[in-house]
Each structure stands twice: as C-alpha cells, then as structure tokens.
1. For residues that are closer than 18 Å to VAL60 by Cα and either of a type in the set (Ser, Thr, Tyr) or not in a loop (DSSP other than H, G, I, E, B) (or both), tally how many sit in segment 20-37.
2. Out of ALA3, ALA17, I need the residue that is part of a loop (DSSP other than H, G, I, E, B) and of a type in the set (A, V, I, L, M). Which one?
3. If SER28 satisfies all but one of (1) of a type outside the set (Asp, Glu); (2) in contact (Cβ under 8 Å) with a residue 12 or more places away in the chain; (3) surrounded by 14 or more Cβ atoms within 10 Å (Cβ to Cβ), what's the number of the condition it fails?
4. What number of residues within segment 1-57 satisfy the criterion of being of a type in the set (Gly, Ala, Ser) and touching a Pro at 6+ places or on another chain (Cβ under 7 Å)?
5. Being part of a helix (DSSP H, G or I) and free of Cβ contacts under 8 Å to residues at least 24 places away in the same chain is the filter here, so list the residues in segment 42-61 that pass it.
6. Kindly provide the set of residues from segment 48-70 that are more than 12 Å from the chain's Cα centre (by Cα) and not hydrophobic (A, V, I, L, M, F, W, C), ordered by number.
Amino acid sequence: MTAPNIHVVLTAHNGWAVEVEGTDGATSHYPSLLEAVAAGEQKARLDGVELFIHGEDGAVRRHHDFRAKD
C-alpha cells in the first residue's frame with residue numbers, strides 16, 4: 001500500500017500549509033509558498049508519493065511525482 005499524497009494549499013489566514021491526503025487538516029504551516037513547497041517536496045521524496053501544489057484559487061498549479069519508477 002502506498003503512502004498518501006501531499007498537497008500544498010493556501011490557508012484561511014493567508015499562509016500556506018502542507019496537507020497529507022486522508023488526514024484531518026494540515027500537518028504544517030508556513031508563511032510563504034516557497035517554504036511550504038520546499039517542505040512538501042522533502043516529505044513527498046521521503047515518502048515516495050506525489051506532490052500537488054495548489055494556487056490561491058485552489059486549483060492544482062504544479063504536480064511532481066516522486067513515486068519509484070519500475
């Protein structure tokens with residue numbers, strides 16, 4: 001079974017959060033998008049999952065796949 005994917009999303013307080021699919025709420029908060037993306041990339045690489053980076057409107061803007069290739 002694979003680990004859940006990671007999402008970087010805008011919070012209600014104009015910060016950014018790293019969320020793990022299937023969990024209730026953000027796992028960590030950051031003041032800037034760059035910091036949140038860096039943290040999300042690190043976690044996604046370690047977990048071998050996909051990273052979805054959402055824009056201010058909530059739409060997915062970027063996607064990185066860190067799953068192992070066969």
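1. Residues in segment 20-37 being closer than 18 Å to VAL60 by Cα and either of a type in the set (Ser, Thr, Tyr) or not in a loop (DSSP other than H, G, I, E, B) (or both): 8 in total.
2. ALA3
3. Evaluating SER28 over (1) of a type outside the set (Asp, Glu); (2) in contact (Cβ under 8 Å) with a residue 12 or more places away in the chain; (3) surrounded by 14 or more Cβ atoms within 10 Å (Cβ to Cβ) leaves (2) as the failure.
4. Of the residues in that region, 2 qualify.
5. Matches in segment 42-61: GLN42, ARG45, LEU46.
6. Matches in segment 48-70: GLY48, GLU56, ASP57, GLY58, ARG67, LYS69, ASP70.
Every number in this text was worked out from the coordinates using simple rules, so none of it is lab data. Treat the numbers as computed from the prediction; the structure is a model and nothing was measured. All Cβ positions, even for glycine, are placed from backbone atoms using ideal geometry, and neighbour counts span all protein chains on display.
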